[in-house]
Amino acid sequence: SVIQRTMRGDLARFATGTRSPLIGAARNLMLGLLLPFASGYSAATPRLAATARVTPLRLSNAEPAVSGLQALQRKALPFARPPLAPRRRRPPPVCSASKVGSVPLALDPHRWVQLGILSMLALLSDWTCFATVAVPSEWMTLEGHDAAELIDIFLASNVVSCFLFTDIAARLGLKKVVTGAATMMAGGCLLRSGIPFVEPAIEVMPGYGWEVAGTILVGMAQPFFQCTPPLLSATWFGSSERALATATAINFNQVGIATAFIVGGLMANSPEGMHAYFDVLACVSIAAAAATALLFRDRPETPPSASAAAAAAELA
């Protein structure tokens with residue numbers, strides 16, 4: 001029919017770009033529908049959309065087929081901005097921890113030795129405190145006193161020493177206070193055990209007064225292991241390792257209590273066994289004090305963080 005032939009002709013002209021009033025009207029309608037989606041168009045300016053004139057875009061037959069939005073941008077209409085290039089997300093800045101000012105920063109591998117020594121000292125202090133808690137009846141038979149009395153004496157000495165820790169540590173430094181406390185604990189364990197592993201013919205436990213004196217020494221030494229972990233972590237460890245280092249050293253107190261129950265329950269079932277048990281505790285304390293004197297240091301050669309570098313500069 002005539003209508004069908006007209007529509008087929010219009011479609012052919014639309015595909016080839018040939019002029020036609022019907023084709024122009026269709027293009028204008030299509031471009032008007034695409035206006036709201038043009039790059040840079042804002043719905044908050046209805047006056048611009050109402051007053052803008054849409055002119056037919058005349059593309060030659062040689063030009064490739066383009067979409068209405070691309071045609072808008074190609075013709076550079078006043079209300080259509082070119083599309084913005086996609087923004088690339090910049091990676092977050094990486095803070096270099098290799099140097100702060102003129103001070104180089106580095107993690108010293110010796111920091112784990114410091115943590116191990118402090119953790120062992122914390123273990124030994126609580127092991128000594130609760131040494132007889134697993135065998136109270138055997139202790140009562142041997143010394144004639146309740147095992148809980150030594151624990152009370154230990155804790156009372158601990159509280160008194162806690163008030164002195166801050167001033168002493170600030171005046172003497174980390175190495176001197178930890179080494180001195182380790183030596184004090186070794187001396188207290190020697191007072192509690194007597195001469196370790198003497199001949200069986202003279203193997204006797206010291207009197208109860210010596211047990212009390214040794215317990216007081218160990219109790220006064222413990223705060224220098226128990227309150228030191230945060231200071232050790234801030235001095236030797238990086239910011240990402242401080243929580244682990246502090247928790248490790250503090251929790252070794254509980255490991256010492258568990259050791260007292262296990263080792264004491266296995267060894268201290270007789271007077272000879274009690275003496276051998278206290279001898280083992282004294283020998284381990286002496287070895288820990290010697291390791292502290294030889295290996296423990298105030299601070300690393302290079303600070304691990306900016307805060308440690310600032311603290312070292314203040315002390316200097």
Options Ala156, Ala234, Ala213: the member that is touching a Lys or Arg at 6+ places or on another chain (Cβ under 7 Å), open to solvent by 10 Å² or more (accessible area, probe 1.4 Å) and of a type in the set (A, V, I, L, M, F, W, C): Ala234
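Considering every residue within the stretch 267-278, establish whether at least one is farther than 19 Å from Gly194 by Cα and either in contact with a helix residue (DSSP H, G or I) (Cβ under 6 Å, 6 or more places away or on another chain) or in a helix (DSSP H, G or I) (or both).
Among the residues of the stretch 267-278, not one is farther than 19 Å from Gly194 by Cα and either in contact with a helix residue (DSSP H, G or I) (Cβ under 6 Å, 6 or more places away or on another chain) or in a helix (DSSP H, G or I) (or both), which makes the answer no.
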Flag for Met184 being assigned to a helix (DSSP H, G or I), open to solvent by 50 Å² or more (accessible area, probe 1.4 Å) and under 21 Å from Phe225 (Cα atoms): yes
Test: residue in the stretch 128-140 that is free of Cβ contacts under 8 Å to residues at least 12 places away in the same chain, closer than 17 Å to Ser193 by Cα and not charged (D, E, K, R): yes
Odd one out for Ala282 among (1) open to solvent by less than 40 Å² (accessible area, probe 1.4 Å); (2) closer than 22 Å to Ala169 by Cβ: (2)
Extreme residue, modelled with the lowest pLDDT, among residues of the stretch 180-239 that are among the hydroxyl-bearing types (Ser, Thr, Tyr) and in contact with a Phe, Trp or Tyr (Cβ under 9 Å, 6 or more places away or on another chain): Ser193
Residue in the stretch 144-158 that is β-branched (Val, Ile, Thr), at pLDDT below 95 and not in a helix (DSSP H, G or I) present: no
Yes/no for Ala249 being surrounded by fewer than 17 Cβ atoms within 10 Å (Cβ to Cβ) and not β-branched (Val, Ile, Thr): no
Failed criterion for Val133 (all others in (1) outside any helix (DSSP H, G or I); (2) crowded, with 21+ Cβ neighbours inside 10 Å hold): (2)
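The values are calculated or read from the model by the stated rules, or taken from the named source; none is laboratory data. Everything quoted here is computed from the prediction, not taken from an experiment. In this analysis, Cβ positions are derived from the backbone assuming ideal geometry, glycine residues included, and neighbour counts consider all displayed protein chains. We work out accessible area using only protein heavy atoms, side chains counted, and drop any ligands, DNA or RNA first. Shrake-Rupley method; radii C 1.70, N 1.55, O 1.52, S 1.80 Å.
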